Amino acid sequence: MNTAIFYHAGCPVCLGVEHMVTEAIDRSKYQVDTVHLGERTDRIKEAEAAGVKSVPALVLDGQVFHINFGASIEALKH
């Protein structure tokens, strides 16, 4: 099964998108991993390696989809 990773920072925009995205993804095709980078700073490098530049972002099959603009990945490092 493929994994869909949704990265966010916990802001209102991110939380709204998290609900919509995680409800819309076909769970028979994807395991959904939701990562709050404000709380899981240990996964910031992973997100960067996947190509995430800002959050909220969804990584599906190696493709990054940046959704709106909540915070840059750089802002989450501090």
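Data overview
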item	result
Residue-wise HN-Hα coupling along segment 70-77, computed from phi with Karplus coefficients 6.51, -1.76, 1.60 (Hz; x: Gly, Pro)	x, 7, 6, 5, 5, 5, 6, 6
Within the chain, chymotrypsin sites (Phe, Trp or Tyr not before Pro) in DSSP loop having at most 10 other beta-carbon neighbours inside 10 Å	none
Around Gly70: net Lys/Arg minus Asp/Glu count, Cβ-Cβ under 14 Å	-1
Exposure rule at most 11 other beta-carbon atoms within 10 Å, DSSP loop trypsin sites (Lys or Arg not before Pro): the chain longest free segment	30-76
Backbone N within segment 47-78 under 17 Å of label point (7 Å from Thr3 Cα along the Cβ vector)	47-52, 57-65
Computed over segment 1-77: relative contact order in percent, which uses C-alpha pairs under 8 Å that are six or more apart	37 percent
For segment 17-28, Karplus couplings with θ = phi - 60° (6.51, -1.76, 1.60), whole Hz, Gly/Pro x	5, 3, 4, 5, 5, 5, 6, 7, 6, 6, 5, 7
³J(HN,Hα), Karplus 6.51/-1.76/1.60, whole Hz, each residue of segment 5-11, x for Gly, Pro	10, 10, 9, 8, 10, x, 6
5 angstrom amide H check on Ser54, placed H, neighbours 5+ away	Ile73
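Throughout, read-outs are computed from the coordinates displayed, never taken from laboratory work. None of these values were measured; they are calculated from a predicted model. Note that each Cβ is placed from the backbone with ideal geometry, even for glycine, and that neighbours are counted across all protein chains shown.
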